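Let me begin by presenting the structure, written as structure tokens, before commenting on it.
The values are calculated or read from the model by the stated rules, or taken from the named source; none is laboratory data. Every value quoted in this text rests on a predicted model; they were computed, and no experiment measured them. When we count neighbours, we look across all protein chains shown, and the Cβ atoms used for this are built from the backbone with ideal geometry, even at glycine. Accessible surface areas use protein heavy atoms only, side chains included; no ligands, DNA or RNA. Shrake-Rupley method; radii C 1.70, N 1.55, O 1.52, S 1.80 Å.
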Amino acid sequence: MTLPRHIAIIMDGNGRWASARKLPRLAGHQAGMQALRGVVAHAADIGLEWLTVYAFSSENWSRPVEEVNHLLSLLKLFIKRDLAQLHERNVRIRVIGARDNLAEDIGVLLDKAEKLTAGNSGLNLVVAFNYGARDEIVRAARALVQDVQAGKLQAAQINAQAFAGRLDTVDIPDPDLIIRTSGEMRLSNFLLWQAAYAELSFMPCYWPDFSSEDLDVAIAAFCGRERRFGALAAGECRKDAAQ
């Protein structure tokens, strides 16, 4: 079985997982962190090259203050507790999303994680934090306008490649497979530009219940699909040529 090069995951359903067990939402986020640890370890073990996780969206700031603070605390704990182990496993950490409005201590932790693991050559773990695809696209468009105004770029030179070069994912391959848990069937402002030709997998389980086996099931389904990237399938090409 050939692995997709890049898998991205929308980790959804922590709150509903907790509610179904009559637990506080915060317990769901803690369980979700445990699930993340297992999935990252499995991705590294099977030799996946890129894994992107939607950790905190730019819209999550509108949630109750207590929940936001808990999510931020979990991020800090994850970096402090797991960073050394991830480094030992040769995992490289990347962070995408806006950083100009983050608290200083969070920015320092994110920078630390990236710098410590920058030389690693195993799994590339991309953490989408304070990330929103529309905001990313607006920031990329603004950067292109500024380059044109500064004389660094001609308007006629703006194309898809130039635009992609201003995104947070400038040197990250587009996802081949996007997985969303909890049964919801939408991208929720996640990697909208990059998802143009991604295969989508919507899993019914809540994120805390998502296991290594579930990841393997999604990969196996992906491997059974034929990716055309806008072209005809091989059989259709042969049929057209014969007519």
message: On the basis of being of a type outside the set (Val, Ile, Thr), assigned to a loop (DSSP other than H, G, I, E, B) and in the same structural domain as Leu215 (by the TED database), does Asn69 make the cut?
response: no
- request: Starting from the range 185-200, keep only residues that are under 19 Å from Glu59 (Cα atoms), then list their pairs with residues that are of a type in the set (Asp, Glu) and outside any loop (DSSP other than H, G, I, E, B) whose Cβ atoms are within a distance under 9 Å, requiring at least 6 positions of separation or different chains.
  value: Asn189/Asp135; Leu191/Glu136; Leu192/Glu136; Trp193/Glu136
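Kindly provide the set of residues from the range 73-105 that are part of a helix (DSSP H, G or I), open to solvent by less than 30 Å² (accessible area, probe 1.4 Å) and modelled with pLDDT under 90, ordered by number.
Of all residues in the range 73-105, those part of a helix (DSSP H, G or I) come to 73-88, 104-105.
When the remaining residues are screened for being open to solvent by less than 30 Å² (accessible area, probe 1.4 Å), the result is 74-75, 78-79, 82-83, 86.
Residues satisfying the conditions are Leu74, Leu75, Phe78, Ile79.
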message: Need pairs with beta-carbon distance below 7 Å; first residue within 17 Å of Arg89 (Cα to Cα) and within the range 23-41, second part of a helix (DSSP H, G or I) and among the hydrophobic types (A, V, I, L, M, F, W, C); sequence gap 6+ or separate chains.
response: Val39/Leu215
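Okay, residues lined up against (1) open to solvent by 50 Å² or more (accessible area, probe 1.4 Å); (2) under 13 Å from Ile96 (Cα atoms); (3) part of a loop (DSSP other than H, G, I, E, B):
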{"residue": "Asn120", "(1), (2), (3)": "no, no, yes"}
{"residue": "Val126", "(1), (2), (3)": "no, yes, no"}
{"residue": "Asn130", "(1), (2), (3)": "no, yes, no"}
{"residue": "Arg139", "(1), (2), (3)": "yes, yes, no"}
{"residue": "Ala143", "(1), (2), (3)": "no, no, no"}
{"residue": "Gln146", "(1), (2), (3)": "yes, no, no"}
{"residue": "Lys152", "(1), (2), (3)": "yes, no, yes"}
{"residue": "Ala156", "(1), (2), (3)": "yes, no, no"}
- prompt: Applying the selection to the range 1-30, what residues are aliphatic (A, V, I, L, M) and open to solvent by less than 20 Å² (accessible area, probe 1.4 Å)?
  reply: Ile7, Ala8, Ile9, Ile10, Ala18
query: Looking only at the range 169-187, which residues are in contact with a Lys or Arg (Cβ under 8 Å, 6 or more places away or on another chain) and part of a loop (DSSP other than H, G, I, E, B)?
result: Ile172, Pro173, Asp176, Ser182, Arg186, Leu187
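Test Arg166 against the criterion of being under 26 Å from Arg92 (Cα atoms) and basic (Lys, Arg), and give yes or no. Can you show your working first?
Working: under 26 Å from Arg92 (Cα atoms): yes; basic (Lys, Arg): yes.
Criteria met by Arg166.
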- request: Within the range 1-60, work out how many residues are more than 23 Å from Leu77 (Cα to Cα), under 19 Å from the mean Cα position of the chain (by Cα) and hydroxyl-bearing (Ser, Thr, Tyr).
  value: 0
